[in-house]
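**Student:** Quick one: the structure is below, questions incoming.
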Amino acid sequence: MRIRATVAAVSGALALSAFAVPAAHATGDSGTPYTLNVSFSNVTIAKAIKVGTTNEVSATYSYTLTHGSDVNIGAKDFYSDAFLYKGSYDTSTAELYGDDPATCTPVTTTTATCKGTVDIYPADGDLKSAWAGSWGVAAEAVAFNGQDQNNPDLSKVGYKDKSGLGSTLVQRYSKLTANAGPEPVGKGKTLTVTGKLTRANWDDHLYHGYTSQPVKLQFLKAGTSTWTTVKTVYTDSSGNLKTTTTANYDGYWRYSFAGTSTTPAVNAASDYVDVQ
């Protein structure tokens, strides 16, 4: 249930894409909900949410809901949740919600801990590639107070929302490969390491090369546990990587990408090379 969309749908003339009446504009007349006596704090959510091209991704959140004695959070028609928005809250480019409202568990007579998920379906067009990066976190609550949710007297419906409660990165899932050869290779001979860095495209639901990105070539000597960075290589216009190095010891080779705000860090699966 999308709370803002639900209240917007029953508000008739208030035809906004999300919820139509921010708390600052609530007047309590017959066409507008009154400001619900609640507040939101202590919001937590993952620092980054990695989203591919097809699989559903759910990000868990929690927050503290503080409410007045006139608000019954146990009522069947009381709902609250947290959600994500891209850009300015008042003119957001997009919003991401959960499939269900949060579950709010009372802690004291005036506070509750609310937990839920933001559920993202990239295959259904929930995201565009241009939206990757930072998203704001907001929370909201609505009390229908026994009103018919399909045809309520909105002056008897309470609503409150609050933006700027935090932020998270919604990132385009990344993949990285590495292949070292020849195998085996003579000691002191040239070793060529190829690979490719790709990331999810939310517009066509495919993976494309991530161009002009610095990627570290790393080596793990057999029998040790510490990776050593040998050099930095940049991806080409198709996301491909290719470089040469000298083979001196048996061990593992990989590429390692540190990530950006739009694309998460990723390490390639290592490739073992026997040096003879």
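The values are calculated or read from the model by the stated rules, or taken from the named source; none is laboratory data. Please read these numbers as outputs of a predicted model, since none were measured by experiment. Note that we place each Cβ from the backbone using ideal geometry, even for glycine, and neighbour counts take in every protein chain shown. In case anyone asks, the SASA skips ligands and DNA or RNA and just uses the protein heavy atoms, side chains included. Shrake-Rupley method; radii C 1.70, N 1.55, O 1.52, S 1.80 Å.
**Student:** Among the numbered criteria (1) of a type in the set (A, V, I, L, M, F, W, C); (2) outside any loop (DSSP other than H, G, I, E, B); (3) assigned by the TED database to the domain that holds Ala94, which single criterion is violated by Leu165?
**Tutor:** (2)
**Student:** Right, here's the next one. Residues that are among the acidic types (Asp, Glu), in a strand (DSSP E or B) and modelled with pLDDT of 95 or more: does the stretch 186-205 have at least one?
**Tutor:** No: zero hits.
**Student:** Among the strands (runs of 3 or more DSSP E) contained in the stretch 31-139, which hold 2 or more residues that are assigned by the TED database to the domain that holds Lys156, of a type outside the set (Asp, Glu) and open to solvent by 10 Å² or more (accessible area, probe 1.4 Å)?
**Tutor:** 38-45, 48-51, 57-67, 78-86, 103-106, 111-120
**Student:** Cβ-Cβ under 7 Å, sequence separation 6+ or interchain: first residue in the stretch 63-83 and of a type outside the set (A, V, I, L, M), partner at pLDDT below 95 and in a loop (DSSP other than H, G, I, E, B). Which pairs?
**Tutor:** Final answer for the pair search is Asp77/Gln149; Tyr79/Met1.
**Student:** Which is at pLDDT 95 or above, small (Gly, Ala, Ser), over 28 Å from Asp124 (Cβ atoms) and in the same structural domain as Thr177 (by the TED database), of Gly223, Gly259, Gly239, Gly209?
**Tutor:** Checking each option against the conditions leaves just Gly223.
**Student:** With Thr232, Thr245 as the choices, which residue is within 24 Å of Gly133 (Cβ to Cβ) and free of Cβ contacts under 8 Å to residues at least 60 places away in the same chain?
**Tutor:** Going through Thr232, Thr245 in turn, the sole match is Thr232.
**Student:** Out of all the residues in the stretch 165-184, which are over 16 Å from the mean Cα position of the chain (by Cα) and either surrounded by fewer than 16 Cβ atoms within 10 Å (Cβ to Cβ) or closer than 15 Å to Glu140 by Cβ (or both)?
**Tutor:** Gly181, Pro182, Glu183, Pro184
**Student:** Does the stretch 209-227 contain at least one residue that is open to solvent by less than 20 Å² (accessible area, probe 1.4 Å), in contact (Cβ under 8 Å) with a residue 40 or more places away in the chain and in a loop (DSSP other than H, G, I, E, B)?
**Tutor:** Checked against the condition, which is being open to solvent by less than 20 Å² (accessible area, probe 1.4 Å), in contact (Cβ under 8 Å) with a residue 40 or more places away in the chain and in a loop (DSSP other than H, G, I, E, B), the stretch 209-227 yields no hits at all.
**Student:** Please list, ordered by first then second residue, the pairs with beta carbon atoms under 7 Å, 6 or more apart or interchain, first in the stretch 258-276 and closer than 30 Å to Pro184 by Cα and open to solvent by 30 Å² or more (accessible area, probe 1.4 Å), second of a type in the set (Lys, Arg) and part of a loop (DSSP other than H, G, I, E, B).
**Tutor:** Gln276/Lys187
**Student:** For the stretch 86-101, which residues satisfy the criterion of being farther than 18 Å from Ser62 by Cβ and of a type outside the set (Asp, Glu)?
**Tutor:** Lys86, Gly87, Ser88, Tyr89, Thr91, Ser92, Thr93, Ala94
**Student:** Here's something else I'd like to know. Would you confirm whether any residue within the stretch 245-255 is open to solvent by 20 Å² or more (accessible area, probe 1.4 Å), outside the structural domain of Val43 (by the TED database), at pLDDT 95 or above and of a type in the set (Gly, Ala, Ser)?
**Tutor:** No: the stretch 245-255 contains no residue that is open to solvent by 20 Å² or more (accessible area, probe 1.4 Å), outside the structural domain of Val43 (by the TED database), at pLDDT 95 or above and of a type in the set (Gly, Ala, Ser).
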